[in-house]
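Novice: My questions will all concern the structure given below.
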Amino acid sequence: MARKKSGKKAKSRTEPAASSRPTIHPEPNGPYVIKGLTRLLDAKGEDLKTRRTMALCRCGQSKTKPFCDGTHQKFGFNSAKTTDGAWDFRENYVGQAITVHDNRGICAHAGFCTSNLPKVWKMGVEPWIDPDGAAPNEMIETIRMCPSGALSYSVDGVEHRDQDRSPTVQVTGAGPYYVTGGVVLEEEPRGEGASLEHYTLCRCGGSKNKPFCDGSHYYIGFADPGVAGEAKVERAEGGETAKRWHRVAGVDDLVDGEVRAVVAGTRRVAVLRVNGQHAALSGACPHQGGPLGEGTITDGVLRCPWHGWAFDALTGAAASEDYEAVATFPVALRDDGVYVQVEEVVRHVTTVSDVMVETMVNGGVTHVFGMVGHSNLGLTDALRRQVEKGHLTYIGIRHEGAAAFACSGFAKLSGRPAACLTIAGPGATNLLTGLWDAKVDRAPVLALTGQVQTQVLGPGAFQEIDLANAFAAVSAWSQTVLHDSSHAELMALALKHAIVRRDVAHLIFPDEVQVLPAAKDAAASSLEGRLGRVEIAPSQESVEQAVKVLAGAKRPAIIVGYGARGSMEAVTRLAERLGSPVLTTFKGKGQISDAHPLAAGVLGRSGTPIASWFMNNADVLLVFGASFSHHTGIDDTKRIIQVDFERLALGKFHPVDVPVWGEIGVTAEQIEGLLPKKLAAEDQRVAVAARWKLWRDEKQRRRANDEGKGINSALIFDALTHEAPANAVVAVDVGNNTYSFGRYFECRDQSVLMSGYLGSIGFGFPAAMGAWAAAPERPVIAVTGDGGFGQYMGEFTTAVKHGMNITHLLVNNGELGKISKEQRAGSWPVWQTELHNPNFAEFAENCGGQGRRVTRPSELRGAIRDALAYDGPAMVEVMADSLLI
C-alpha cells in the first residue's frame, strides 16, 4: 500500500501531571534556573552534583559549564527568539500500520532518525518521511530516541509521544540539554504537537528558537564536550578561541576556477573551486594584505590582484621561494552548502584600548563622534564594547570636521567633553578647524586619532603625519600612547586637561599599541578626587573697590559675555538690585531672556540699537565674562569693572578701572551682598521698555520691505521668534543669516550656540548634532545659510540615521551674502560669491528627512511649526533676499 500524507491530526495522550515536578525557568538574557531536580547527568551519563536551585549556562560561554558563572552579563547575551516560526507546524505521514507526526520547527537535528533508518527519514527528498519504509517496531524504537519531541507516532488512532521516565537533565557533548521525565518548563509556549515530557534546550547561545535547540551548535562550532575538563578551547594572543564552522556558499554556487571573497565569522576568507574541489585560504595576502578573494585562478594557481604573488589554490603553498605560503582553513561540503572552519575569539583579552576607553567612560564621556578606519580599528573595537554595554553612544559622521564641530557644540551646551575619533593622516587633519573653534571658545573636547605603526614612523609611511606637531598649537595637552605608557593615567590626564583648562586634549594611538594586551594588574581609572571645585572667590579688596564704584554710579550697565554662562542667576539678581540694563555680547545672546524687564539685547555689529543706546548712556560698565572683542565694541572710555575667572583676560587689550579675578557667580553674589541699601543708581526698567518699543516698531516696518527677490530677514526671524519653543537650543552658523538672527530673533529661555571667536562657516548643522546628543530632551534648531550648510550637507544623512530631532532653518539667498556685503562696503566689485545650489528641501527628503521650501511670507510660520512637530530631522528652506538683512 502506498504511503499517504495527511493533514488530519491524531488523538493525543494526556500530558504528564506538572504538580510536584522539578521546574526550569529561562531567565531573560540569563541562565536556566532549575528547582527541585535531583538527577543531572554529564555527556558520559555520570551524575553531577545537584542543589535544590541551580543555574545552568545557556549563553555558551561560562567557564564553569554546565553551570552559569555570570559571563552572559559581560557580553550582553540576548535570549530573544529570532525565528519567524514559519516551520512550526506538524505534518502527519500516514502509513499502512503507523502514522508518523513531525514538526520541523522544534527539531534539534540530533540525527537519530536519519542515521538509524535512512530508508524512512530521507534527506533531500519530498516527502521526506516514508511511514512504510521499515517495520513499525523499528520506527517506534527510532522515534523514541528523538530528544526534541519533534517526532511522535500513532497506532490505531492513538498518539504516543511521551515515555515514563524520571525527571532528568543531561548535558550532551557539544550540543543541547536533553530534558526528560516531564520537567516543567515555565512560561514558554510549545510548538504544535510538542511533548511536555521531553524536549531539548539550547546551551550554545546560538539557537534562533531559544530556549529550544535548533541545531545551531553544529553550525557555529560549539566546542564544549559536556564533560568537565575536556573543553576544546585554546588560548591565543587575542583571547580564548574556538574552532567554528560557517556556511560560506551554496553547494553549486562556485563554478570551476572561481574564487570569492567571503566572511566566516569575523575572518576574511577566499573560498574557491578547482577541478571540482573546494578550498578556503586566508583572504589576506601575506605580502601586504591584498584581497585574495578578488584574485584570479589560472592552471590551479591563485594570484593576488595587488602585486601578483601566487599560491597553489588548494594548498596555499607559495609558487616561488620568494613568497610566503598563505594560511588555509578546513572545508566541508554538506548537503546545504560549503562550510569553512575558522578559529574565533570567544573570550576577549583586555587590551590597552579597553582600559583607556573604560577610563574615558568613567571620566564622564558619554558620546563619541567619529569615523572608523584602518588605523583606529583596535581603538574602535574597545569603543564598540562600551557601546554594547550601554555606557557610550557612538555617532558615525560623514566628515571628520563635522565630528569636531559636533563635539564643540556638545561642550558649549553642556560644559562636558565629548570625543571625536579619526584615523591617521587626513582624518586627523580634518579635525583641526572644529578643534580650533572649541579651543578659542573655551569648550572642552577630547580628540582621539589613530596613527601608523611606530615601526614605520619617520621614513614616510602611507598616511603618516607628525600628529604631535600638527596638533601642538590647537591642543592644551597632546600625548602619544606608547607600549609602556601608563595607559589609564594618560586618558585620565587628557580628560583633566580638557575639563580644567576648557580646551582640547589629544591622544595619538599607534596602530599596534591599540591591541596590546593590558598588563595583568592594569585597571581603568577615573577622575574621582582629581577635580577641585570651580567656585573661586575674588579678593576682598577687589570686591570692595567694585562696590565703591557701583554705589556712586547713576546709570550703570551690565554687559555679559559667553564666560558668564552658568552664572546668570546671580548676575540677574545683581542687575535687579541695581535696576541696571543687561546687555549681552553676541556670543552671550540668550543668557538672559529678552522678555526680562532689564534685558537690553545684543551689543555690537550683530546687535540692536537698544544695547548700544544703554552702553552709550552708561556712566559705569560692569562686564562679566566678555573678551572686549572689536565685534562687540565695548566703549573703553567708560569706567569699567571687569570680572573674569581667567586672570589673563582682565585688562587684556587696555587697562580697566577695577579688574576682579574670580568665578563670576560667586563675585556677583559678593558684590550684591556688599552694596549699600541706598544707591545713586536710577531704576532703568522704564527706559528699557521704551527702547524695546522703538526697536519693535522699527522691526515691524522692516518686515514690510519687499523687493520681490525673496523674503527679508526681519520676517524670517520674527516667524522663528514666535514658533521656536522657549526651551530650544539654537545653533547658528556664520554669515548674514547669523547677523540677522542676532538682531531680529528675540530669545526667551533658548540656549544659543555659535562659532564665536573663530567665526567658522559650516559650524551650524554639526553643532546642532552635538546639541542633540548633549540634550536630546530639548528641541534643537539649526540656523544656517546656504553657504554654511553646503560645507557639511552630507551630515543630514547622519541626522536621519540616528533619528536626530533637529529642525533646520536654511536661509537660501544664492550667495555668500556676507562676503558680497563686505565687497560692497570696501568699494570692491562683487565677485565669485554667487552659489549654484540644489533644491535643499528636496535634498532633505531624499536623505529620508522632511523638507519644505518656502517662497512666501505667509508660509513661514506654518512651515516652521510643521518642522518642529516632525519626529526627526526636518528642513525649512527659506528663499531669502540677500540685501534685505
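The values are calculated or read from the model by the stated rules, or taken from the named source; none is laboratory data. Keep in mind that what you see is a predicted model, and the values were worked out from it rather than measured. Counting neighbours? That spans all protein chains shown, and the Cβs are built from the backbone with ideal geometry, glycine included. When the accessible area is computed, the model is the full protein with side chains, heavy atoms only, and any ligands, DNA or RNA have been set aside. Shrake-Rupley method; radii C 1.70, N 1.55, O 1.52, S 1.80 Å.
Novice: Please turn the phi angles of the stretch 151-159 into ³J(HN,Hα) values with the Karplus equation 6.51 cos²θ - 1.76 cosθ + 1.60 (θ = phi - 60°), one per residue in order, whole Hz, x for glycine and proline.
Specialist: Whole-Hz 3J(HN,Hα) from phi for the stretch 151-159: 10, 8, 8, 10, 10, 6, x, 10, 7.
Novice: Taking the 0 to 90 degree range and rounding to the nearest ten, how far is the long axis of helix 713-723 tilted relative to the main principal axis of the chain, both from C-alpha atoms?
Specialist: Between helix and principal axis, roughly 60 degrees.
Novice: So if each residue of separation counts as 0.36 nm, and I subtract the Cα-Cα distance between Arg696 and Asp322, what length gain in nm does that give? Intermediate values should be presented prior to the final figure.
Specialist: Values: separation 374, 0.36 × 374 = 134.64 nm, distance 8.26 nm.
Answer, rounded to one decimal: 126.4 nm.
Novice: Then there is this: Under the Karplus relation 6.51 cos²θ - 1.76 cosθ + 1.60, θ = phi - 60°, what is the ordered set of whole-Hz ³J(HN,Hα) values for the stretch 444-449, x standing for Gly and Pro?
Specialist: With the stated coefficients, the stretch 444-449 comes to x, 9, 10, 9, 10, 10 Hz.
Novice: What percentage of the solvent-accessible surface of the chain, computed with a 1.4 Å probe over protein heavy atoms, is contributed by carbon and sulfur atoms? Mind dumping the intermediate values first?
Specialist: Working: 19340 of 38830 Å².
The C+S portion of the solvent-accessible surface of the chain is 50 percent.
Novice: Also: Between Asp47 and Asp253, how high is the FRET efficiency from 1/(1 + (r/R0)^6) when r is the Cβ-Cβ distance and R₀ = 45 Å? Nearest 0.05. It would help to have the intermediate numbers written out before the result.
Specialist: Details: r = 47 Å, r/R0 = 1.05.
The value I calculate is 0.40.
Novice: Ok, one more. Angle between the Cα long axis of helix 377-388 and the longest principal axis of the chain, 0 to 90 degrees, nearest 10?
Specialist: On a 0 to 90 degree scale, this one is about 90.
Novice: In addition: What is the percent of Cα-Cα separations in the stretch 614-680 that go past 19 Å?
Specialist: Values: 763 of 2211 pairs.
The answer is 35 percent, as a whole percent.
Novice: Express in nm, to one decimal, how much length is gained between His348 and Glu188 on full extension, taking 0.36 nm for each residue of separation and deducting their alpha carbon distance. Don't skip to the answer; put the middle values down first.
Specialist: Values: separation 160, 0.36 × 160 = 57.60 nm, distance 3.25 nm.
Extra length available between His348 and Glu188 comes to 54.3 nm.
Novice: Run through the stretch 668-707 and list the GluC sites (Glu not before Pro) located in a DSSP loop whose Cβ has at most 16 other Cβ atoms within 10 Å.
Specialist: Glu682, Glu707
Novice: Using the beta-carbon distance between Leu457 and Glu646 and R0 = 41 Å, what value does 1/(1 + (r/R0)^6) give for FRET efficiency, to the nearest 0.05? Before the final figure, lay out each step's value.
Specialist: Details: r = 37 Å, r/R0 = 0.89.
The value I calculate is 0.65.
Novice: List the extent of the Cα atoms of the chain along each of their three principal axes, largest first, rounded to whole Å.
Specialist: The Cα atoms of the chain stretch 113, 72, 61 Å along the principal axes, largest first.
Novice: Take every Cα pair under 8 Å in the stretch 687-744 that's 6+ residues apart, average their separations, divide by the length, and report that relative contact order as a whole percent. Don't skip to the answer; put the middle values down first.
Specialist: Values: 20 pairs, mean separation 19.2, N = 58.
The normalised contact order for the stretch 687-744 reaches 33 percent.
Novice: Ok, one more. Give the long-range amide H neighbours of Ala319: residues separated by 5 or more places, or on another chain, with amide H under 5 Å away, using H modelled in the peptide plane at 1.01 Å from N.
Specialist: HN-HN under 5 Å from Ala319: Ala310, Phe311, Asp312.
Novice: Keeping all protein chains in place, calculate the accessible area per residue for the chain (probe 1.4 angstrom), answer in Å².
Specialist: Details: 38830 Å² over 885 residues.
Accessible area per residue, the chain: 44 Å².
Novice: For every helix of n ≥ 4 consecutive DSSP H residues, a contribution of -39,500 (n - 2.57) applies; sum these over the chain, divide by its total residues, and give [θ] at 222 nm rounded to the nearest 500 deg cm²/dmol. Present the calculation step by step, with values, prior to reporting the outcome.
Specialist: Numbers: 24 runs with 226 residues, N = 885.
Rounded to the nearest 500, the figure is -7500 deg cm²/dmol.
Novice: Can you give the FRET efficiency for Thr82 and Ala595, using 1/(1 + (r/R0)^6), R0 = 56 Å, r = Cβ-Cβ distance, to the nearest 0.05? All intermediate terms of the calculation are to be shown ahead of the outcome.
Specialist: Working: r = 54 Å, r/R0 = 0.97.
That pair, Thr82 with Ala595, gives E of 0.55.
Novice: Then there's this: How many nm is it between the label spots at Glu822 and Glu27, if each spot is 7 Å from the Cα in line with the beta carbon?
Specialist: Between Glu822 and Glu27, the label points sit 6.4 nm apart.
Novice: Taking 7 Å along the Cα-to-C-beta vector as the label spot, tell me the Phe89-Leu482 distance in nanometres, rounded to one decimal.
Specialist: In this crude label model, Phe89 to Leu482 measures out at 6.9 nm.
Novice: Among DSSP beta bridges lying fully in the chain, give the percent that are antiparallel, nearest 5. Mind showing how you got there, number by number?
Specialist: Values: 76 of 147 bridges.
Taking every DSSP beta bridge within the chain, about 50 percent pair in antiparallel fashion.
Novice: Hey, can you rank 194-201, 659-666 by average C-beta count inside 10 Å, highest first? Intermediate results must be reported in sequence, preceding the final value.
Specialist: On the way: 194-201: 23.2, 659-666: 20.8.
For the peptides 194-201, 659-666, the packing ranking is 194-201, 659-666.
Novice: Let me ask something else. Expected output is a single nm value to one decimal: the length gained when fully extending between Arg530 and Gln288, i.e. 0.36 nm times separation in residues minus the C-alpha distance. What is it? All intermediate terms of the calculation are to be shown ahead of the outcome.
Specialist: Values: separation 242, 0.36 × 242 = 87.12 nm, distance 4.53 nm.
Stretched out fully, the Arg530 to Gln288 stretch lengthens by 82.6 nm.
Novice: Using the crude model of +1 on Lys and Arg Cβ and -1 on Asp and Glu Cβ, and no other charge, please compute the dipole size for the chain relative to its Cα centre, in debye to 20. Walk me through the numbers before you get to the answer.
Specialist: On the way: 92 positive and 99 negative charges, 476 e Å.
Approximately 2280 debye in magnitude.
Novice: Then there is this: So how far apart, in nm, are the two label points at Lys548 and Leu835 if each is 7 Å from Cα heading toward Cβ?
Specialist: The modelled label-to-label distance comes out at 5.4 nm.
Novice: Given a cut-off of 30 Å, name the pairs among Lys49/Lys389; Lys65/Lys210; Lys693/Lys818; Lys210/Lys520; Lys412/Lys693; Lys699/Lys818 whose C-alpha atoms lie farther apart than that in the structure shown. Please list the in-between numbers first.
Specialist: Details: Lys49/Lys389 34 Å; Lys65/Lys210 18 Å; Lys693/Lys818 28 Å; Lys210/Lys520 36 Å; Lys412/Lys693 32 Å; Lys699/Lys818 21 Å.
Pairs exceeding 30 Å: Lys49/Lys389; Lys210/Lys520; Lys412/Lys693.
Novice: Moving to a separate point now. Can you tell me what share of the DSSP beta bridges in the stretch 328-474 is antiparallel? A percent to the nearest 5 is fine.
Specialist: Details: 4 of 15 bridges.
Around 25 percent antiparallel, to the nearest 5.
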